[in-house]
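Peer 1: Dumping the structure here so I can ask a few things about it.
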Amino acid sequence: MEPPDFEAVYQQYAALVYRYLRGLGCPPQDAEDLTQDTFVKALLHMEGYRGDCKLSVWLCQIAKNTWLTQVKKDRRQVPPPSKEPAAPDHCLCEWLDLLDRLEEPYRAVFLDRALGCRSCGELARQYGKSESWVRVTYYRAKLQLRNMLEERRPSHGEHL
C-alpha cells in the first residue's frame with residue numbers, strides 16, 4: 001500500500017480531528033495541541049495503518065487515545081476532591097474511571113459507537129464479527145456502565 005502524502009492528509013483531516021476532540025469535551029486550546037500530537041503520532045506510525053478502516057477513523061482513534069492519556073495524566077495531578085458538590089470535571093473523571101473498568105472490546109466498541117466515529121459495519125469488519133455482534137456488544141457495554149453507576153449512587157437512606 002502506497003503511503004499517503006502526509007501534508008495532504010493533514011490538510012484534509014486536521015479540522016475533522018479538531019472537531020472530533022472538541023466533541024469529546026476537549027477544551028479548544030487542548031484540542032489544537034492534541035490535533036498536532038495526533039498527526040505527529042500518525043506520521044511516526046504510518047506503517048501501522050493497514051487500510052482496514054477509513055484514514056479519518058484511524059486518525060480519530062489516535063486522537064481519542066491521545067486525549068484519554070492526557071486526561072488521565074491531568075487527573076493524577078489534580079488534588080483530592082473536596083466534600084463540595086461534584087463539578088462537571090469531576091463527572092468527566094468519574095466517566096473516565098467507569099470506562100477504564102470496561103473490558104475490551106466493550107470499551108472500544110462503546111466509545112466508537114457513542115461518539116459516532118465508527119459505524120457498526122466498520123467495527124464488524126475490524127473485529128471480524130457481524131454487525132449484530134457490534135450492536136449486542138455496545139448494548140452490553142451500556143448495561144455494564146449503567147450497573148456501575150447504580151453501584152456508585154448512595155441508596156435513599158444513605159448520606160454522602
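Each value in this text was obtained by applying a stated rule to the coordinates, not by laboratory testing. Just so it is clear, the structure is predicted and the values come from calculations on it, not from any experiment. Note: ideal-geometry Cβ built from the backbone for every residue, glycine included; neighbour counts use all protein chains shown.
Peer 1: With r as the distance between the Cβ atoms of Tyr139 and Asp33 and R0 = 45 Å, compute the FRET efficiency 1/(1 + (r/R0)^6) and round to 0.05. Spell out each step's value before the answer.
Peer 2: Values: r = 35 Å, r/R0 = 0.78.
Approximately 0.80, to the nearest 0.05.
Peer 1: Under 5 Å between amide hydrogens, which residues at least 5 positions from Gly25 or on another chain qualify, with H placed 1.01 Å from N in the peptide plane?
Peer 2: Residues meeting the criterion, in which the H sits 1.01 Å from N, do not exist here.
Peer 1: Next question. Of the cross-linked pairs Lys41/Lys73; Lys41/Lys142; Lys41/Lys129; Lys54/Lys129, which ones have a Cα-Cα span greater than 23 Å in the structure shown? Walk me through the numbers before you get to the answer.
Peer 2: Numbers: Lys41/Lys73 18 Å; Lys41/Lys142 30 Å; Lys41/Lys129 28 Å; Lys54/Lys129 18 Å.
Table pairs above 23 Å Cα-Cα are Lys41/Lys142; Lys41/Lys129.
Peer 1: Okay, moving on. I need the phi-derived Karplus couplings for segment 57-73: 6.51 cos²θ - 1.76 cosθ + 1.60, θ = phi - 60°, integer Hz, Gly and Pro marked x.
Peer 2: 5, 4, 5, 5, 5, 4, 4, 4, 5, 5, 5, 4, 4, 4, 5, 4, 5
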